[in-house]
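Student: If you scroll down you'll find the structure; I have some questions about it.
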Amino acid sequence: MKLLQDINSPADLRRLEIDQLQEVADEVREHILETMSRVGGHTGASLGAVELAVALHYAFDTPHDRLVWDVGHQAYAHKILTGRRDQLPTVKQYGGISGFLRRDESEFDTFGAGHASTSLSAALGMAIARDRKQEDHHVVALIGDASLAGGMAMEAINQAGHLKTRLIVVLNDNEMSIAPAVGALTGYLNRIREAHGYHRFKDEVEETLRAIPSVGERLHHAAKTVKDAIAAAVLPGALVNELGFKYIGYVDGHNVKALVRALHEAQQIKDGPVIVHALTTKGKGHPAAEKDYYKWHATGPFDLKTGTPIKSPTKAPTYTKVFGDTLCELMAKDEKIVALTAAMPDGTGVCEALEKFPERSFDVGIAEQHCVTFAAGLSVEGLKPVCAIYSTFLQRAFDQLVHDVCIQDLNVKFCLDRGGIAGGDGPTHHGLLDIAYLRGVPNIILMAPKDEGEMRDMLFTMTEHIGPAAMRYPRGNGIGAPLDQPPQLLEIGKAELLRDGGEVAIIAYGSMVHPSLQAAGNLAREGIETTVVNARFAKPLDNSLLLALARTKRVLVTVEEAYLAGGFGSAVMELLEENGLQDKIQVVRMGVPDRIVTHGDAKLLLAKYGLDADGIYTRVKEAIEVLDDRRAKHHKVIA
Ligand SMILES: Cc1ncc(C[n+]2csc(CCOP(=O)(O)OP(=O)(O)O)c2C)c(N)n1
């Protein structure tokens, strides 16, 4: 690290000569590669945006000029250049720096991110605010080609073009989402890339014509009209100009000098928005990453030389994998099932269905809202769409879920991966709200399996049920449940009594069932019996079992990997209140309190909120102590 060691802020970078920037970029790339090989992270995405980060911080007076990153997963170089170089090894870890952008982490993170396609709207808002306050800084948004196709980004382009606001959009075009980018916009951007040949041809023709003595200039002029017609057909002007954007491009996104030049050019455009189109390669700088950039979007630790992943010992399959396999198993038997993902084929396990059943599997791109209403359309015509969307990303499509699916009681299934604490990805990616945001919607049924084996049963049950249904399951590995039985049909709204006895009943939902059983086992070893129920459904609840327990036990402990407000425990309390039992029984609700949960190892975070066997054990013991105290006081009074 010759230059980088002295760069502690973009101001240091800006003191360098432009000719030194490529060296800085190389050092940044090396630092990212070396660090990611040890700790893992969004390696490929960040390697592709190194020169962009260097050029942006060089050409703009950040943080005075506002730089807004879309998603933020590709911003490691930005972090390195803005004072977080030495903290990079802590990325995504508890107490370390975020894997995305956070306003409270750095003044250079002008807008928090994690979900895609937000940067243009936020940047446009900042630009309008600047104009209102009569200030004079630049506002720059950097967005990937897949995120540009997201609905919000399109809506922002529409407004920016209409308002003619001074705004600079830098397009980081690598032809990739996490998976290969899909959709018509991708085709359009490809056409621009393909126009590379046209650019060269155009320059060559111009030179040749000019070179003809005496008539050269005239011929050149005549050819211009023809050339413009070709340009309008091939180049981005047709779309971009009509939407009110100026276009600069395309630029080699790994040539810092060329990028700086293009950004300086963009700074001159004061009368409206401009788009700088940079072509980049995901995973740039590591042969393995450049070759297999799909897998390298994000990585775990890897061998720095070969790029081979350093694998942890094999564990039980992930919920995602079991979901993907079971979905294919069911699709083979039921031709009406359609598999849908919104740009997360691998993340959700839908990749297998896309391969095996390409005619009825769809990756709709970063378009969760569209995905849900598209599914509603499919279901109106008698198909059974299964939307596999992370819990956190389904938040985007809440109105579609209510307005298009549930009000019409349509047969759409929602499979919510990462339902619970997502771990290193942090606050923007935890799926802690789905129970609360889904529970109040009429017609939908909600379920969560206790393990990956029961997940198979639930997926089958959902596809057989007529009407909207959602299943949530956690990130990561299952518990090693047997997977060899054909999926069984479950009775809707029926819980499973796993253990009976004592004065306390633990009612656990989904991922919390096994820790509850462990806690009950530990209590039993001390001679304390507890009842454990696998709730299976948050809606409808198993009213008869829950009410019977409320009448016979002294304490109900509800446990869920979700926000307490509006969650599963709230549903149980509502049931008790509706049946006049609220004063009859003590309820202890365990879950995540009303605060933002940071990033870090999921196990550690769960333990922090008492959502593991030890935490449940402790809460039950506390509840029993309260009971004993009360009993002792009661006896004293009687004596
Ligand atoms: C609303 C939403 N859906 C899905 C994702 C998951 N996701 C993170 S990065 C990414 C791909 C982004 O592609 P692009 O914008 O082209 O950037 P690149 O990674 O190629 O640099 C996706 C789908 C997300 N962050 N937000």
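The values are calculated or read from the model by the stated rules, or taken from the named source; none is laboratory data. Predicted model only: the values in this text are computed from it and were never measured. Don't worry about glycine lacking a Cβ; one is built from the backbone with ideal geometry, like all the others, and counts go over all protein chains shown. Quick note on the areas: whole protein, heavy atoms, side chains included, nothing else; ligands and nucleic acids left out. Shrake-Rupley method; radii C 1.70, N 1.55, O 1.52, S 1.80 Å.
Student: If you scan segment 566-599, which residues turn out to be surrounded by fewer than 16 Cβ atoms within 10 Å (Cβ to Cβ), within 32 Å of the chain's Cα centre (by Cα) and touching a residue at least 24 places away in the same chain (Cβ under 8 Å)?
Tutor: Pro593, Asp594, Ile596, Thr598
Student: Could you check segment 414-460 and list, in sequence order, the residues that are assigned to a helix (DSSP H, G or I), in contact with a Ser or Thr (Cβ under 9 Å, 6 or more places away or on another chain) and closer than 22 Å to Asp399 by Cα?
Tutor: Selection gives Asp434, Ile435, Ala436, Arg439.
Student: Since Gln408 meets every condition but one in (1) in a loop (DSSP other than H, G, I, E, B); (2) in contact (Cβ under 8 Å) with a residue 40 or more places away in the chain, which condition does it not meet?
Tutor: It fails just one condition, (2).
Student: Write out, first by first residue and then by second, each pair whose Cβ atoms fall under 6 Å of each other, whose residues are 6+ apart or on separate chains, and whose first residue, in segment 1-30, is closer than 23 Å to Glu107 by Cβ while the second is open to solvent by less than 20 Å² (accessible area, probe 1.4 Å) and not in a helix (DSSP H, G or I).
Tutor: So the pair list comes out as Pro10/Thr62; Leu13/Ile7.
Student: Cβ-Cβ distance below 6 Å, separation of 6 or more or different chains: which pairs start in segment 314-341 with a residue that is more than 17 Å from Leu383 (Cβ to Cβ) and end on one that is acidic (Asp, Glu)?
Tutor: Tyr319/Glu452; Thr320/Asp417; Val322/Glu452; Gly324/Glu352
Student: Would you check which residues across segment 110-155 are among the charged types (D, E, K, R) and near the ligand (Cβ under 8 Å from one of its atoms) and list them? Steps first, please.
Tutor: Restricting attention to segment 110-155, the residues satisfying the condition of being among the charged types (D, E, K, R) are 130-133, 135-136, 145, 155.
Asp145 - this is the single residue of segment 110-155 that is among the charged types (D, E, K, R) and near the ligand (Cβ under 8 Å from one of its atoms).
Student: What residue, of Asp399, Asp434, Asp404, is of a type in the set (Asp, Glu) and in contact with a Gly (Cβ under 7 Å, 6 or more places away or on another chain)?
Tutor: Of Asp399, Asp434, Asp404, the one residue that is of a type in the set (Asp, Glu) and in contact with a Gly (Cβ under 7 Å, 6 or more places away or on another chain) is Asp434.
Student: Kindly indicate whether His115 is over 26 Å from Tyr58 (Cβ atoms), open to solvent by 10 Å² or more (accessible area, probe 1.4 Å) and under 25 Å from the mean Cα position of the chain (by Cα).
Tutor: Yes.
Student: So which helices (runs of 4 or more DSSP H) stay within segment 8-70 end to end and still have 2 or more residues that are closer than 25 Å to Asp601 by Cβ?
Tutor: 21-39, 43-47
Student: Answer yes or no: is there a residue in segment 611-619 that is more than 18 Å from Thr558 (Cα to Cα) and at pLDDT 95 or above.
Tutor: Checking segment 611-619: not a single residue is more than 18 Å from Thr558 (Cα to Cα) and at pLDDT 95 or above.
Student: So which of Ala332, Ala298, Ala288, Ala278 is within 30 Å of Lys384 (Cα to Cα), among the small types (Gly, Ala, Ser) and either open to solvent by 10 Å² or more (accessible area, probe 1.4 Å) or within 16 Å of the ligand (Cβ to nearest atom) (or both)?
Tutor: Ala332
Student: For segment 262-281, how many residues are part of a strand (DSSP E or B), of a type outside the set (A, V, I, L, M) and more than 15 Å from His138 (Cα to Cα)?
Tutor: 1
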